[in-house]
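Just so it is clear, none of the values below were taken in a lab; they were calculated from the coordinates. Small disclaimer: the values here were computed from a predicted structure and weren't measured. In this analysis, Cβ positions are derived from the backbone assuming ideal geometry, glycine residues included, and neighbour counts consider all displayed protein chains.
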Amino acid sequence: MVRIARAMALIAGLFLLIIMSIMIVDVVGRYFLNAPLTYSVELVELGMGLFVLFGLAETTLRRGHISVDILNVGIIGPIADNAFRIVADFAGIVFMGVIAWRLLLHGFRVYDDGLFTQVLELPTFPVVFLMFGAAVVATATAAVLLIKPNLSYALQNQNEQNQSTGG
Amino acid sequence: MDPIFIGTSTFLILLVLLAMRVPIGFAMGLCGIGGVALIIGPAPAFSLFAATVYETTVNFDLSIIPLFVLMGAVAARSGLSSELYGAFNAWLGSFRGGLALATIGACGAFAAICGSSVATAATMSQVALPEMRKFNYADSLATGSVAAGGIIGILIPPSVVLVLYGILTESSIGDLFLAGFAPGILTVIGFMVVVSIVTYIWPEMGPAGEKTSIAQKIHALKGTWAIITLFALVIGGIYFGVFTPTEAAGVGAMGAFGIAAMRGRLSIETAKEALLETVQTSAMLFTILIGALTLNKLAIFSGLAFALSNFVSGLDMTPLAVMGVILIIYLILGCILDALAMILLTVPIFFPIVISLGFDPVWFGVVVVMVVELGLITPPIGMNVFIIKGMAQDVKLSEIYAGVIPFVLAQIILIIAVVLFPAIALWLPETAAAFR
C-alpha cells in the first residue's frame, strides 16, 4: 500500500509537470509564435483531475489532511485520543468512499453519453475511471490506517529523519 | 424540519467533529452532504456533491493552486534564502538590530516567490536563526522576528490563501494579488520599525553588525536579481494583463525550476522532493476546498447565510461597527484555528454579510488574510511559532511568544489602517484595470 501510494503520488507529480509545460507552451505560442494551443484548457482540466485524485492516497497515508488539534493526547488521555483517531479515520473512509462511488457513476454516465472533449475530441470516460480508481485506492488507504494506525507514524518518523539528514 | 434548524445543528455537529480531530476537509464535506440531504433529499444532495468534486478537480483555473505551491517548494530548495538574507544583511546589518531587520526584509522578498507563511518561516529560520544567535541576539528578538517575518508570506503575492478566498467568493484572484501587495510592503516596513524601536529601547537585544563597504553592498545584490525577475514576470504579467493568474503560476513554477537549475541546485532528487511535497499539499488543499464548497451549499440551501446577513443588517449598527465585530471574532478564532480552516469555514458565512453592507470583496479578502496571519503567531496555537520552536529547541515557547508581541501590535495597527483606508489595498488593482 505504501509503495502504491508513493508511485501514484509520483505519477501525480508528472501530471503537474505536464500541466506546467502545456501552460508554458500555450503562453509562448500565443505571444511569440501567434499559435496558441487551442486544446490547452481541456488537457489541463483532465490533467488536474488526475493530479488531485492520484495524490489523495499518499496524502492520506502520511496524515497530510490538516485537522484542528486543540484536544491532544495530553489533554484528553490515551483512550479518548484513540477513539478520536478512529472517528477521524472512519470519516476519511466515508468521505473518500463517497467520492469514489460518485466518480464511478459519473464515469458510467460519461461513457453512455459518449462525452468527448471540445477540441481534440478525446473521450473523457477513461480519465473519469482512472480518477475513480485513484479514489478507491485512497479509500483503501484510509481503511488500512484505521486498522494499522502505526503505519503512518512510522512513515512520518522516517520522513523527519530524511529531512534532518538530507537538510 | 426547518432548514435553518438543520443548518444550525449541522454546523454544531461540524464543530464537534473538528474538535475530535476529523480532518477539516472530510468534516466539512460530510456535514455538507448530510445537511443538504436532509433539506433537498439524499439523491440530489449526492448528485450535487458529485458535481462539486468533478468541477473542483477537473478545472483549468484551479491549477493555479498546485503551480504556485510548486513554485514555492522549488524556490525553498534553490538556496535563494541565504543569498537574500546576505543581501539584506549587507545593506541593513550595520544598524542596531540589523540582523533582525535583514530577516524581516528577506522574509518579505522570499514571500514574493512563495505563497505560504509556514514555508517562508521554515525556510528563513534555517538561515536567519543561526546567524542571529551567533551574534548574541536575544532569543526573543531572534525567534520573534523570524516567526513574524514568516506571516508576510501569506500577503505578498503569490498567496495560496488569497487564491482560496478568491475561489470561494468568486472574486478576481488577480485583483486580490495586487491588493495584497501594498499592505504586504507596509507590513515589512512596520515590522522593521518594530525591530528598530525594540533595539532602541533595549540595545543589548540586537547589537549592530560590522559596516560594509558600498562595493560589498552592491556585490551582495548579485543573488537577488533572479527573485526580482521572477516576481516582476509573474506579478507584472498579471498587472498588465499579459497572462491570467493561472498562467502566471505556470510561468512562475517553471521560472523557479529555471533559477534552481542555474544555481546548480536542481537534481532529480530535489525535483522529486518538491513535486511530492506539492502533490501532498495540493491533495490536502483540494480536499478542504471540496469540503468547503459543499458546506457552502448547505449555508445557502438552509437559508442560514441569508438569515445571518438579514439579522446583522437588522441590527442598529454602522457597517464599520459590524466589521469591527467580525474582525474581533476572527482574532479570537485565529488563536485556536488554523488559518486556512478559519478562512474556509467562516468566509461563506461572513462574506454575504460583508457584501450586503456594501464593502468591497477584494478589500475584505485582504483584511481577512491580515487578521488570519495574526493567528499564526498568537498563543496558544501559532503555527509559525511552533515551527520556530522546532528549529530552536532550547528556546522556551513563552520566550518566542514574548518576542512576537511587538509585531502583533504593529500588525493590529496596520489592520486598522487598511480597514479605515481601503485605498491602501485597492489602489493597485484599480490602476491595473486600465491595462485590461
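Before moving on, here are some points about what is shown:
- √(5λ) per eigenvalue of the Cα gyration tensor, the range B:200-245, largest first, Å: 36, 17, 7
- Inter-chain Cβ neighbour average for residues A:34-41, partner chain, 10 Å: 1
- Site pair B:Glu269 and A:Arg6 shows an inter-label distance of 1.5 nm when each label is modelled 7 Å from Cα along Cα→Cβ.
- Neighbouring Cβ atoms from other chains, within 10 Å of the Cβ of residues in A:8-17, number 5 on average.
- Cβ crowding within 10 Å averaged over residues, with A:11-21, A:134-144, B:311-321 ranked highest first: A:134-144, A:11-21, B:311-321
- At q = 0.16, 0.20, 0.28, 0.30 Å⁻¹, base-10 log of I(q)/I(0) for the range B:376-436 (Debye sum, equal scatterers on each alpha carbon): -0.65, -0.77, -1.08, -1.15
- Peptide-level mean, for A:83-95, of C-beta atoms on other protein chains within 10 Å: 5
- Kirkwood-type hydrodynamic radius, the range B:268-427: 17.8 Å, calculated from all non-identical alpha-carbon pairs.
- Using just its DSSP H runs of length 4 or more, each adding -39500 (n - 2.57), chain B gives a mean residue ellipticity at 222 nm of -26000 deg cm²/dmol after division by all residues.
- Cα centroid of the range B:286-365 to Cα centroid of the range A:73-113, whole Å: 27 Å
- Neighbour-count ranking [beta-carbon atoms within 10 angstrom, fewest first] of B:Trp91, B:Trp225: B:Trp225, B:Trp91
- Think of the protein assembly as shown as a dipole: +1 on every Lys or Arg Cβ, -1 on every Asp or Glu Cβ, centred on the Cα centre; then among B:Pro361, B:Val372, B:Gly144, B:Gly144 lies furthest on the positive end.
- At R0 = 41 Å, FRET efficiency that the Cβ-Cβ distance of B:Met262 and B:Ser356 yields, to 0.05: 0.20
- Ranked by how many other Cβ atoms sit within 10 Å of their own Cβ, fewest first, the residues B:Cys31, B:Cys114, B:Cys107, B:Cys335 fall in the order B:Cys335, B:Cys31, B:Cys114, B:Cys107.
- Counting other Cβ atoms within 10 Å as a rough exposure proxy, the listed residues B:Val354, B:Val404, B:Val322 run B:Val322, B:Val354, B:Val404 from fewest neighbours to most.
- Listed by chain and number, the lysines whose C-alpha is less than 30 Å from the C-alpha of B:Lys222, apart from same-chain residues fewer than 8 away, are B:Lys134, B:Lys211, B:Lys272.
- The distance between label points at B:Val242 and B:Leu12 comes to 5.6 nm (points 7 Å beyond Cα on the Cα→Cβ vector).
- Near A:Ala83, once Lys and Arg are set to +1 and Asp and Glu to -1 for all other residues with Cβ below 13 Å from its Cβ, the sum equals 0.
- Every pair of different Cα atoms in chain A enters the Kirkwood calculation, which places the hydrodynamic radius at 18.2 Å.
- Highest-first arrangement of A:22-32, B:259-269, where packing means the average Cβ count within 10 Å: A:22-32, B:259-269
- Counting Lys and Arg as +1 and Asp and Glu as -1 over every other residue whose Cβ lies under 11 Å from the Cβ of B:Ser63, the net charge comes to -3.
- Calculated FRET efficiency for the pair B:Ile300/A:Tyr39, C-beta based, R₀ 45 Å, to 0.05: 0.85
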